[in-house]
Amino acid sequence: MKNRLLWPVVALVALLMLNVVVTPSFFSVRLQDGHLYGSLIDILRNGAPTLLIALGMTLVIATRGIDLSVGAVAAIAGAVTCTHIASGGNAWVAMGLALALCAVLGLWNGFLVSVLGIQPIIATLVLMTAGRGIAMLITEGQIITVNDDSYRQVGAGFLVLPIAILISLAVLGLVALVTRRTALGLLIESVGVNPSASRLAGVRARTIIWTVYVFAALCAAVAGLMISSNVSAADANNAGLWIEMDAILAVVIGGTSLAGGRYSLTGTLLGALIIQTLTTTVYTIGIAPEITLVFKAIVVIAVCLMQAPVGIRVRVRGKQGVPA
Amino acid sequence: MLKKITTAAAAVLLAALTACGSGGSGDAGSSGAPKANDDGKITMGFAQVGAESGWRTANTKSIQESAEKAGIELKFSDAQQKQENQIKAIRSYIQQKVDVIAFSPVVETGWDAVLLEAKRANIPVILTDRAVDSDDTSLYKTFLGSDFVEEGKKAGEWLKANAGGAKNVVELQGTTGAAPAIDRKKGFEDAIQGTDLKIVATQTGDFTRSGGKQVMEAFLKSVPQIDVVYAHNDDMGLGAIEAIKAAGKVPGKDIKIITVDAVKDGMTALAAGEINFIVECNPLLGDQLMDLAKKVVAGEEVPPRVVTEETTFTSEQAKTELPNRKY
């Protein structure tokens with residue numbers, strides 16, 4: 001377990017060091033209008049939606065599933081909320097509506113996977129494609145701008161620390177408590193290893209799978225609220241675009257197996273932070289937009305190679321070569 | 001296999017229907033000559049990209065309204081951002097023997113075959129808003145759209161005249177590789193060449209608000225002195241405003257902001273003084289399109305490139321213009 005998390009930590013520290021070398025003031029954090037202000041705070045705030053979605057994704061992946069629809073669900077959440085606020089509604093009611101609708105979408109995903117037995121990647125692909133269409137229908141293809149102070153708090157507000165990251169960390173704590181202090185985590189893992197065997201052993205595999213998809217959709221919904229509230233606007237086309245890929249990447253970097261049955265919440269936290277730090281690094285050290293994607297790919301490949309069984313074996317052999 | 005049969009059946013049915021349609025409405029059309037019908041009514045087939053943004057919706061509305069005003073019968077189709085849908089739509093217009101076809105190509109390439117069909121059927125084609133990449137320029141009569149280089153130049157010229165001691169510019173680029181992003185960057189760079197102004201940092205914000213905000217947040221920390229933000233569209237500029245506010249600075253005063261597009265949200269910010277200058281990228285090209293269509297159908301010569309009528313806005317002009325902005 002320790003070994004698995006070692007390399008993500010190394011990667012994160014290396015990225016931060018690179019930033020400090022290029023921009024010496026990178027770590028400086030000051031108080032601005034009563035809240036903390038600095039690059040590290042930006043990483044936390046902008047990384048909050050990815051972290052939250054990755055948390056939901058971790059549990060889904062632990063059951064040997066995958067949820068591609070989270071980006072679209074996030075867009076729908078923002079679209080519903082902003083449309084409701086723009087038509088004169090209350091921000092809290094609007095957010096409640098969005099969460100309720102997204103829970104229904106999660107139920108739909110869970111139904112396809114656990115009851116109908118459709119492959120998760122196909123089942124959630126349906127909503128990944130259709131979801132953006134739904135969001136476009138809600139916003140009528142326009143970017144809906146709202147001006148609501150209580151809504152702005154979700155994504156751009158501060159309680160000394162950004163509220164967005166506080167929400168994500170609270171969810172992380174809650175998930176850790178519920179799955180690691182009770183048998184739930186073990187049951188999720190057992191479903192991921194072998195659904196039929198766990199069902200025969202008395203585990204309600206279907207209910208567990210259904211639950212994780214609803215949880216993933218709810219996480220995506222809250223992340224969608226953060227994304228849209230951060231800019232006080234709902235952009236059905238671009239909100240949460242490709243965030244499902246970032247989330248899956250965060251989960252994988254964190255050492256959770258895509259084959260299911262083994263997951264690490266700390267790893268997911270690290271993975272999400274690495275991805276956001278990577279993006280901030282690109283902007284801070286001024287990598288040309290044309291080569292941004294290649295730079296990101298190199299970092300990701302490096303981290304994955306370090307973690308891969310082959311990479312570990314090579315390093316172990318290297319150590320053994322040294323006479324004791 | 002079943003799908004192929006159904007598609008074929010649908011095509012036959014559609015062809016039959018359209019044949020009936022054109023037989024009923026216009027006799028002159030069936031003679032093959034691209035002339036206006038006897039009653040003087042021109043039929044235009046327009047294949048739109050889709051409904052991707054507020055800009056595009058305004059574009060569609062403008063074309064529909066202008067067609068009605070100009071007494072041109074408009075057959076409109078929405079391609080939902082897919083090239084094959086546009087090609088299908090253009091083919092059906094050819095079969096319906098419309099007088100003129102206009103469309104905004106989704107992508108730049110792959111149009112030669114269908115445009116050749118239109119040419120053989122003697123139906124003139126007008127491109128709007130986006131160009132096609134083809135060696136054979138005889139495939140279309142004219143291209144009506146914005147000059148993105150000129151837009152960038154206008155932004156740079158204004159800054160040159162109103163720099164007021166400002167030196168360091170940061171740039172928020174559009175989607176990497178997109179024509180508006182490349183051209184708006186080039187035009188701006190050309191305009192500020194040889195002055196004290198220089199671009200100290202440039203990154204893509206993907207034409208989105210969150211992109212603009214995130215890039216601007218990073219710039220505010222890594223670039224020691226920022227005097228001006230040049231954003232390739234309003235949305236990224238609006239994101240940058242949020243980031244500047246969060247840094248405890250006043251957008252429009254501490255840091256000047258210049259953007260391109262002039263959509264309603266951008267104009268609102270301009271009127272409020274948070275943006276200093278906006279170069280218009282005009283989606284309302286309906287009237288110009290209808291004029292061109294009439295000329296083309298009448299067989300008059302038209303220039304191969306027509307630039308949309310576009311203007312620029314300062315804060316004062318935005319206040320008077322804002323109530324009229326529909327998009």
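What average number of partner chain Cβ atoms lie no more than 10 Å from the Cβ of the residues making up B:188-200?
For peptide B:188-200, the averaged partner shielding equals 0.
Under a plain spin-label model, where a point goes 7 Å from the Cα along Cα-to-Cβ, how far apart in nm are B:Asp287 and B:Val223?
Each label point is offset 7 Å from its Cα along the Cβ direction, giving 3.8 nm.
How high is the relative contact order of chain B, in percent, counting Cα pairs under 8 Å that sit 6 or more residues apart?
16
Give the shape of the range A:42-315 as rounded, prolate or oblate, defined through the alpha-carbon gyration tensor: a ≥ b ≥ c are the square roots of its eigenvalues, a/c under 1.5 means rounded, and otherwise the shape is prolate if a/b is larger than b/c and oblate if not. Working shown, then result.
Numbers: a/c = 1.72, a/b = 1.18, b/c = 1.45.
Verdict is oblate for the range A:42-315.
In what sequence, highest mean first, do A:115-125, B:80-90 appear when ranked by Cβ atoms within 10 angstrom?
The most tightly packed comes first, giving B:80-90, A:115-125.
Between B:Thr109 and B:Asp254, what length comes free when the chain is fully extended (0.36 nm per residue of separation minus the Cα-Cα distance, one decimal in nm)?
47.8 nm
Going highest first, how would you order B:129-140, A:133-144, A:71-82, B:270-281 by mean Cβ packing within 10 Å?
Result, highest mean Cβ count within 10 Å first: A:71-82, B:270-281, A:133-144, B:129-140.
Return the sequence-ordered ³J(HN,Hα) values of the range B:59-65 in whole Hz as given by the Karplus equation 6.51 cos²θ - 1.76 cosθ + 1.60 applied to θ = phi - 60°, using x for Gly and Pro.
4, 4, 4, 4, 5, 5, 5
In straight Cα distance, which aspartates and glutamates are under 13 Å from B:Lys319, not counting same-chain residues fewer than 8 positions off?
B:Asp265, B:Glu274
What are the ³J(HN,Hα) couplings of the range A:156-167, residue after residue, when phi is run through the Karplus curve with 6.51, -1.76, 1.60 and θ = phi - 60°? Round to Hz, x for glycine and proline.
10, x, 9, 10, 6, 8, x, 4, 4, 6, 4, 4
Averaged over peptide A:230-240, how many Cβ atoms belonging to another chain are found within 10 Å of each residue's Cβ? Please report the intermediate quantities before stating the final value.
On the way: counts 6, 13, 3, 8, 0, 6, 2, 6, 8, 3, 1.
Counting Cβ atoms of other protein chains within 10 Å of each residue's Cβ and averaging gives 5.
With an 8 Å cut-off on Cα pairs and a minimum separation of 6 or more residues, tell me the relative contact order of chain A in percent.
Details: 545 pairs, mean separation 105.6, N = 324.
Answer for chain A is 33 percent.
In the range A:119-227, which trypsin sites (Lys or Arg not before Pro) fall in coil by DSSP and have 14 or fewer other Cβ atoms within 10 Å?
On the way: sites: A:Arg132, A:Arg152, A:Arg180, A:Arg181, A:Arg199, A:Arg204, A:Arg206; in loops: A:Arg181, A:Arg204.
Taking the range A:119-227 and a limit of 14 other Cβ atoms within 10 Å, the loop trypsin sites (Lys or Arg not before Pro) found are A:Arg181, A:Arg204.
Of the DSSP beta bridges with both residues in chain B, give the percent that are antiparallel, rounding to the nearest 5.
On the way: 3 of 40 bridges.
In chain B, approximately 10 percent of DSSP beta bridges are antiparallel ones.
Write down the percent of antiparallel bridges among all DSSP beta bridges whose residues are both part of the protein assembly as shown, to the nearest 5.
Roughly 20 percent of the DSSP beta bridges within the protein assembly as shown come out antiparallel.
Amide H of B:Val306 versus every other amide H placed in the peptide plane: which residues, excluding those fewer than 5 positions away on the same chain, fall under 5 Å?
B:Phe143, B:Leu144, B:Gly145
Sequence-distant or interchain residues sharing an amide H contact under 5 Å with A:Ile143, placed H: which?
Residues meeting the amide H criterion: B:Gly54.
Going by the alpha-carbon gyration tensor, a ≥ b ≥ c the square roots of its eigenvalues, is chain B rounded (a/c under 1.5) or, if a/c is not under 1.5, prolate (a/b greater than b/c) versus oblate?
Here chain B falls in the prolate category.
What FRET efficiency do you get for B:Lys186 and A:Arg315 if R0 is 51 Å and r is their Cβ-Cβ distance, rounded to the nearest 0.05?
That pair, B:Lys186 with A:Arg315, gives E of 0.60.
Given the DSSP H assignment, sum -39500 (n - 2.57) over each helix run of at least 4 residues in chain B and divide by its residue total; what's the result at 222 nm in deg cm²/dmol, nearest 500?
On the way: 11 runs with 145 residues, N = 327.
The per-residue figure over chain B is -14000 deg cm²/dmol.
In peptide B:202-214, what is the residue-averaged number of other protein chain Cβ atoms found within 10 Å of each Cβ?
Mean partner-chain Cβ count within 10 Å for B:202-214: 6.
Rounded, prolate or oblate: which one fits the range A:245-288, using the alpha carbon gyration tensor with axes a ≥ b ≥ c (rounded when a/c is under 1.5, else prolate when a/b beats b/c, else oblate)?
prolate
For B:Glu84 paired with A:Ile122, estimate the spin-label separation in nm (one decimal), with each label point 7 Å from Cα along the Cα-to-Cβ line.
Label at B:Glu84, label at A:Ile122, 1.9 nm between them.
We did not get these values from a lab; they are worked out from the coordinates using the rules stated. Since the structure is predicted, the reported quantities are computational estimates derived from the model, not experimental observations. All Cβ positions, even for glycine, are placed from backbone atoms using ideal geometry, and neighbour counts span all protein chains on display.
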